[in-house]
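Read the figures in this text as sums done on the coordinates, not as results from a lab. None of these values were measured; they are calculated from a predicted model. Virtual Cβ from ideal backbone geometry, glycine too; neighbours counted across all protein chains shown.
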Amino acid sequence: METLKGIAVSPGIVIGRVFVLDDERRRIPRRVVRPEQLPIEHDRLWKALGASIHELNGLREKTRAGLGEEAAKIFAFHLGMLCDPTLTRPMHERIDAERVTAEYAVWKGFEELLTRFAALPDPSFQTKVDDVRDLSARVLRHLIGEHSSRLSQLKHQAVVVARDLTPSQTAAFDRGQVVAFATDLGGRTSHTAIFARALGIPAVVGVGHVTQTATDDSPVIIDGDHGVVVIDPDEATLEEYARRIEQRATASLTLRELASLPCVTTDGTHVALLANIEFPEEIPTAVDCGAEGVGLYRTEYLYLTSTREPTEEDHFAAYKKAVELSQGRTLVIRTVDLGADKYTQERAEEPERNPFLGLRSIRYCLQSLPMFKTQLRALLRASALGPMRVMFPLISNTNELRQAKFLVNDVMEDLDEEGLPFDRSVPVGMMVEVPAAAIMANTFARESAFFSIGTNDLVQYTLAVDRTNERVASLFNPAHPAVLQLIKEVVRAGRRNNIPVSCCGESAGEPDYALLLMGLGLRTLSATASSLPMLKRAVRSVSIQQCERMAKRALSLDSDAAVAAFLRDQARKIIPEAFDGRSAE
């Protein structure tokens, strides 16, 4: 048995079996297989080599027909390598001698060849290094692609283990078969982590070396509550976690009973609980969990989970469905936040060195006007079907807000000319996610219909901590005094200018932090649907006066550790069930 610690990003506990997803672009970890698995690994290797040779032959013929015989000769080296037993025989021998996967045997074989080529003084061999890398990736792609396709054929509940996952990979998981995942990389507020919470898949990220430790089909426990991965658990551990799963199910049923009760404090103050969603289909579940509407619809998932750029009709269909499922409830739709994600970086001619400080979010939209106008047209068309609000992300200066609002008016004029209906008074607001916006909140409040504080990015930019980097995860803390001061000023600016202010960051879903936000003056919180029952439990267990005392004390402390410990201690006294078994970290 081996217990690994990572970052808990999506709650829940699952007992299942490992399914490892490798990536041909990275180092393949060495994993041992059972003796009876060896013939299967040999067969997989032969098939991958055969598929690669067939693929290369096809490319050679296509090149010969289009560019001539001389150009087609480039593939002779590639084909000769794959047909050379001095390269492929050691791969088979390694599978038997070390009892490893075909992926590792291939990767290791090509790496050894690369080392030999690079060490030879003859330049002609050194220029072949890229050819060898291409061959390695080609064979591995067949192995890994074949391995991935077996997910749909599994007859047991699979726990996917990978170095990292993209949102599109996560979206493709069949929830009937993939019940949890764990990754080497990642942070709490990464796109994949947010997506896992939306799908209700327990997940632990930033584990470090889970891909090197886990073996296909071995039993595993994913504890998404505490960020723990247990590989090959013993009987006592299995029994303990089975008991915890049963306790969670009972507690969940009890919390769901709160959904129909009003969300008011003990002194009668209403606190609106809204849901953060990625897809319209989540809305009914969110309402069942007690949501009064949607406080953040992240529309970039239309891009991140597709192989093509969505059309205006794709956008409109999604927003139309969201409006219909909301049935008149609050619906806040954020325009796309792209640029710092793999989707745009992989498509860029020159990927940015630091995309989180680069061309992302509203900046990306304002430099991609056809794409942005396509979304705005669909949003405005959908506004004719029911109440909704439009929100711009990552605004950092007034010019961005004014230019974005100008484009909205421009699109309205186009729709007018085309005779298409829309809501002329649709509220247009902004996210407060960077210190510049928080400091200038009073100025922005005069030009924005509402504010929504996004703590994920506000913490990242205030503390200079990459929110997706597991190496600095311990430094990412929304309880930092600087962050609290900024939130306080944003709430004040909203009150002075009489505009609504909400918080839709992931931290709003944590009961202890939610009580602090209420004490700072917030009366609207938006979080993942699964966290809403416990949030309502917290709201109904406390008075605003208590929350204000908590906030006053928290603001007097000078470190994030002191603030976090204080909030945890106070919240544990009010709602102890929210912290049962929770680590003191």
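Database remark: amide H of residue 541 closer than 5 angstrom to no amide H (H placed geometrically; neighbours at sequence offset of 5 or more, or on other chains; Pro and chain starts carry no H).
In the chain, taking the dipole from charged Cβ atoms about the Cα centre, the farthest positive-side position among 555, 354, 144 is held by 555. Working from Cα pairs under 8 Å separated by at least six residues, relative contact order for region 35-151 is 29 percent. For region 422-529, the list of trypsin sites (Lys or Arg not before Pro) that fall in a loop by DSSP and count at most 12 other C-beta atoms within 10 angstrom reads 424, 446.
A cut-off of 5 Å between modelled amide H atoms, ignoring neighbours fewer than 5 places along the same chain, links residue 180 with 160.
The orientation-averaged projection of the convex hull spanning the C-alpha atoms of the chain amounts to 30.4 square nanometres. Evaluated with a Cβ-only charge set (Lys, Arg +1; Asp, Glu -1), the chain carries a dipole of roughly 1240 debye about its Cα centre, given to the nearest 20. Proximity of backbone amide H atoms, modeled 1.01 Å from N, is registered between residue 10 and 203 at under 5 Å, excluding neighbours fewer than 5 places apart on the same chain.
Neighbour counting of Cβ atoms within 10 Å sorts the residues 416, 216, fewest neighbours leading, into 416, 216. Note on region 35-151: Cα Rg divided by 2.2 N^0.38 Å, N the number of residues, gives 1.13.
Across the chain, C-alpha contacts under 8 Å between residues 6 or more apart give a mean separation that, scaled by the residue count, equals a relative contact order of 14 percent.
Projected over all directions and averaged, the alpha-carbon convex hull of region 391-453 occupies 4.1 nm². The fraction of Cα-Cα pairs per 5 angstrom bin, counted from 0 for region 404-510, comes to 2, 12, 20, 18, 14, 11, 9, 7, 4, 2, 0 percent, rounded to whole percents. Since only 209, 190, 227 are under comparison, the one whose Cα sits farthest along the positive direction of the charge dipole of region 155-257, derived from C-beta charges on Lys, Arg, Asp and Glu, is 190.
With runs of 4+ DSSP H residues as the only contributors, calculate the mean residue ellipticity of the chain at 222 nm using -39,500 (n - 2.57) per run, divided by the residue total and rounded to the nearest 500. Result for the chain, helices only: -15500 deg cm²/dmol.
Here the contact order of region 174-324, divided by its residue count and restricted to Cα pairs under 8 Å and six or more residues apart, works out to 14 percent. Its Kirkwood hydrodynamic radius, worked out from the mean inverse distance over all distinct Cα pairs, puts region 227-276 at 14.3 Å.
When the Cα positions of 317, 275, 484 are compared along the charge dipole of the chain, 484 comes out farthest toward the positive end, with charges on each C-beta of Lys, Arg, Asp and Glu. Among 512, 184, 410, the order by Cβ neighbours within 10 angstrom, fewest to most, reads 410, 184, 512. Taking the Cα centre of region 261-579 as origin and assigning +1 to Lys and Arg Cβ atoms and -1 to Asp and Glu Cβ atoms, the resulting dipole is close to 1240 debye.
Principal axis extents of the Cα atoms in region 261-579, from largest to smallest and rounded to whole angstrom, are 58, 45, 37. In terms of surrounding Cβ atoms within a 10 Å radius of their Cβ, 197, 537 rank from fewest to most as 537, 197. Straightening the chain between residue 371 and residue 523 buys 51.3 nm, computed as 0.36 nm per residue apart minus the Cα-Cα spacing. With 0.36 nm allotted per residue and the present C-alpha distance subtracted, the residue 36-residue 572 stretch has 187.9 nm of extension available.
The HN-Hα couplings worked out from phi for region 293-301 by the Karplus form 6.51 cos²θ - 1.76 cosθ + 1.60 (θ = phi - 60°) are x, 10, x, 7, 9, 7, 7, 5, 5 Hz, whole numbers, x standing for Gly and Pro. Highest mean packing comes first when the peptides 134-143, 237-246 are listed by Cβ atoms within 10 Å, giving 134-143, 237-246.
DSSP beta bridges confined to the chain are antiparallel in about 35 percent of cases. Centre-to-centre separation between the Cα atoms of region 434-456 and those of region 377-399: 16 Å. Which percent of the Cα-Cα distances in region 349-399 go past 11 Å? Distances greater than 11 Å cover 75 percent of the Cα pairs.
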